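One structure is given below, encoded as structure tokens.
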Amino acid sequence: KGEFIRHRDFRSHYPTQQRVRKFPVGQFAFYAEHMDAGKLPELTKKYNVLMKVTFQNVKLRPWVVLPTISVTKAYKGRLTTLDMVEDNGRALSIKGIFTLYLTELDFDVIARQYEIEAYDIVKAWTCPKGYIPEYVRKTVDDYFFGKTNWKDEVSAEKEKGELIDRDKLAYLSLELLKSKGGLNGIYGMSATDIIRLSYEMDANGEWTTKTPNLEEALNKYYQSENSFNRYQFGIYTTSWARYELIEFADLICKEGGTVLYVDTDSIFYVSNERVERAIEALNAAKKAKAMELGAYIECNGKTVHYDAFEDEGEDITAFRFLHAKCYAYEVRHKSGATELKCTIAGVTEWEDATHKFNRVDELGSIDELRKDKVFQRCGGTKAAYVTMPVGTYEVNGHKTELGAACIITPTTKTLKNELQMYDDIIEWEVVE
């Protein structure tokens with residue numbers, strides 16, 4: 001049928017949003033109560049909008065592959081008893097009334113994805129929008145350059161085939177990991193909650209929790225010369241990233257493809273030539289915008305721009321997954337040989353720093369990615385705490401002096417299939 005499996009990643013997804021999207025750059029001010037949603041298209045040309053929205057009875061439209069409404073947030077904002085159908089933490093339908101706090105991007109997605117019986121934009125706040133400060137953008141570029149440079153170094157070493165220097169590759173991979181951490185940490189700084197609980201020990205050694213005064217804590221943060229970031233930057237970074245992820249997933253389905261699996265910044269999908277042309281057309285438009293904004297770097301003689309949905313260039317012949325962060329796939333090389341790759345939460349890529357045993361070795365084949373599969377060599381550890389007075393004890397026939405201790409042992413990982421775990425409570429519905 002001319003179909004094939006593709007795997008694409010967004011190039012530095014969160015940093016991209018910080019470099020090419022517009023953010024709230026002033027103070028939010030109250031705008032209106034019970035606002036008409038029809039005002040949003042004109043209002044959002046100049047302003048970002050935060051909204052408190054109440055929904056009544058929502059149901060996902062049949063074509064949607066990435067539901068947006070979080071069942072946890074809907075439950076926290078419940079105004080009546082809620083009857084919810086969920087999948088992986090997202091709502092497929094909710095009967096009842098609940099409130100969510102949303103950006104204009106989130107509201108746009110929800111309005112398109114769900115059939116909504118009734119809603120009310122209870123309150124709305126607006127803030128002038130523009131690009132984040134130059135010093136933040138410059139810092140993003142600096143770390144993006146480092147990541148790009150180390151990535152080139154790793155690729156060059158891997159291309160040596162049998163002549164690979166494993167120690168050098170381990171060093172380069174570590175530097176690449178550190179540069180990625182620095183780059184992503186710029187987002188993390190703006191997404192850190194300003195209002196945090198503090199824990200204090202009293203004279204009796206008992207721990208108590210202290211909740212700060214909301215207004216005092218906010219004023220202290222924003223009046224400090226050390227507070228150079230804004231929490232709304234973090235809010236809109238994730239909102240924009242999710243919006244773009246859904247944009248490409250919807251495009252794939254619209255053009256006749258099938259989305260198989262989605263992560264924070266990547267999509268596995270069944271594709272065809274029509275899908276690929278549509279993706280590359282959208283990529284070209286985003287590249288033109290990035291170049292216009294100066295959202296690019298020069299590294300190792302090449303121009304690398306932000307905002308690209310990159311084809312990983314893998315000839316994938318099979319794909320299988322159990323749940324989030326747990327999947328495997330087979331790649332066919334030009335020689336005809338097949339390589340197995342996998343990502344499994346709780347199982348590190350390499351058992352230890354020697355890089356001698358990979359999680360692929362223990363998985364063995366794609367068919368082994370199944371419920372109850374046990375990984376013995378996960379690369380992680382677990383801790384057991386023993387509380388006892390210092391003294392001499394007999395252990396395995398030997399007398400030894402012991403006290404309170406932390407016993408660290410290797411971990412194992414047993415895979416679970418979420419569909420099978422909840423099979424007894426799943427109600428199947430036939431959709432005409």
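Residues in the range 342-376 that are in contact (Cβ under 8 Å) with a residue 24 or more places away in the chain and touching a Phe, Trp or Tyr at 6+ places or on another chain (Cβ under 6 Å) were compared, and the one that is most open to solvent (accessible area, probe 1.4 Å) is GLU351.
Mind listing whichever residues of the range 160-178 are farther than 20 Å from TYR143 by Cα and without any contact (Cβ under 8 Å) to a residue 60 or more places away in the chain? Listed by number, the residues that qualify are LYS160, GLY161, GLU162, LEU163, ILE164, ASP165, ASP167, LYS168. For the range 274-313, the set of residues classified as charged (D, E, K, R) and farther than 22 Å from ASN149 by Cα consists of ARG274, GLU276, ARG277, GLU280, LYS286, LYS289, GLU292, listed by residue number.
Per this entry, TYR221 is not counted among residues that are touching a Gly at 6+ places or on another chain (Cβ under 8 Å) and either open to solvent by less than 70 Å² (accessible area, probe 1.4 Å) or in a helix (DSSP H, G or I) (or both). When the range 225-242 is examined, which residues are found to be open to solvent by 40 Å² or more (accessible area, probe 1.4 Å) and assigned to a loop (DSSP other than H, G, I, E, B)? GLU225, ASN226, PHE228, ARG230, listed by residue number.
Among the residues in the range 116-139, are any among the charged types (D, E, K, R), surrounded by fewer than 19 Cβ atoms within 10 Å (Cβ to Cβ) and closer than 30 Å to TRP428 by Cβ? Scanning the range 116-139 turns up at least one residue that is among the charged types (D, E, K, R), surrounded by fewer than 19 Cβ atoms within 10 Å (Cβ to Cβ) and closer than 30 Å to TRP428 by Cβ. Among the conditions (1) open to solvent by 70 Å² or more (accessible area, probe 1.4 Å); (2) in contact with a Ser or Thr (Cβ under 6 Å, 6 or more places away or on another chain); (3) over 24 Å from TYR143 (Cα atoms), the only one that GLU330 does not satisfy is (1).
May I ask you to list the residues in the range 289-326 that are closer than 24 Å to TYR243 by Cα, of a type outside the set (Asp, Glu) and open to solvent by less than 60 Å² (accessible area, probe 1.4 Å)? If the condition is that a residue be closer than 24 Å to TYR243 by Cα, of a type outside the set (Asp, Glu) and open to solvent by less than 60 Å² (accessible area, probe 1.4 Å), then ALA290, LEU293, GLY294, ALA295, VAL304, HIS305, TYR306, ALA308, PHE309, HIS323, ALA324, CYS326 are the ones that fit. The set of residues in the range 149-177 being among the polar types (S, T, N, Q) and either assigned to a loop (DSSP other than H, G, I, E, B) or closer than 20 Å to GLY313 by Cβ (or both) consists of SER155, SER173.
Residue-by-condition table, conditions (1) open to solvent by 60 Å² or more (accessible area, probe 1.4 Å); (2) within 27 Å of LYS22 (Cβ to Cβ):
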site	(1), (2)
VAL58	no, no
TRP63	yes, no
LYS73	yes, yes
LYS76	yes, no
THR81	yes, no
GLY96	no, no
LEU100	no, yes
ILE110	no, yes
TYR114	no, yes
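The set of residues in the range 28-48 being open to solvent by 100 Å² or more (accessible area, probe 1.4 Å) and within 29 Å of the chain's Cα centre (by Cα) consists of LYS45, LYS46. Taking the criterion of being assigned to a helix (DSSP H, G or I) and surrounded by fewer than 20 Cβ atoms within 10 Å (Cβ to Cβ), the residues of the range 249-269 that qualify are ALA249, ASP250, LEU251, CYS253, LYS254.
The values are calculated or read from the model by the stated rules, or taken from the named source; none is laboratory data. These numbers come from a predicted model, not from an experiment. We place every Cβ from the backbone using ideal geometry, glycine too, and count neighbours over all the protein chains shown. Side chains are part of the model used for accessible areas, which takes the heavy atoms of the whole protein and leaves out ligands, DNA and RNA. Shrake-Rupley method; radii C 1.70, N 1.55, O 1.52, S 1.80 Å.
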